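See below for the structure under consideration.
All of the numbers you see were taken from the coordinates with simple rules; none came from a lab. The model shown is predicted, which means the values in this text are computed figures rather than measured ones. As a convention, Cβ positions derive from the backbone with ideal geometry for all residues, glycine included, and neighbour counts pool all protein chains shown.
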Amino acid sequence: MDKVFLDEVIWRYKNPSHRGKCEGIKCSVQNVSCGDDLFMFVSTHDGVIDDMKFDGEMCSICNYGAELLCERAIGIGVEEARELGSKELLGETGRSLLNNPVRLKCFELAQVALEELE
């Protein structure tokens, strides 16, 4: 992974924008292979996500994935948010993560949580 990507991951870990809780549906997921324990909170109105937060104990890559998903999902429909893929969320900067299946599982934990919300 390149330095620009790692710097962004660490900065977002230290300065999360969407960490916390909000009113709405809550889901808990775990990545047993590394110990990430993520809680997602999603508030919707007429099928559109109007707030999304996350909390829990997680590594910096898991935090990064949750941050990016929250940024992209707020303001769009739940089904549209579920269709967001890792390639789309990572953009060009984080493409190297796609070649690391162990770390990619951490990154995708928030996407798994969104899939499990009812």
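Values as computed for the structure displayed
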quantity	calculated
M58 long-range amide H proximity, modeled H, under 5 Å	D37
³J(HN,Hα) computed for each position of region 66-71 - Karplus, 6.51 cos²θ - 1.76 cosθ + 1.60, integer Hz, glycine/proline x	5, 4, 5, 5, 4, 4
HN-Hα J in Hz across region 79-88 - Karplus 6.51, -1.76, 1.60, θ = phi - 60°, x for Gly and Pro	5, 5, 5, 5, 7, 5, x, 4, 4, 5
Under-5 Å amide H pairs with T44, H placed in peptide plane, nonlocal only	I25, D50
Of the GluC sites (Glu not before Pro) in region 9-90, those whose Cβ has at most 14 other Cβ within 10 Å and which sit in DSSP loop	E23, E83
Value of [θ]222 nm, deg cm²/dmol, for the chain, DSSP H segments ≥ 4, -39500 (n - 2.57) each, nearest 500	-12000 deg cm²/dmol
Packing-based order for 45-55, 26-36, using average beta carbon neighbours within 10 Å, highest first	45-55, 26-36
Distance histogram in 5 Å bins (all Cα pairs of region 3-116, percent per bin)	2, 13, 25, 26, 20, 10, 3, 0, 0
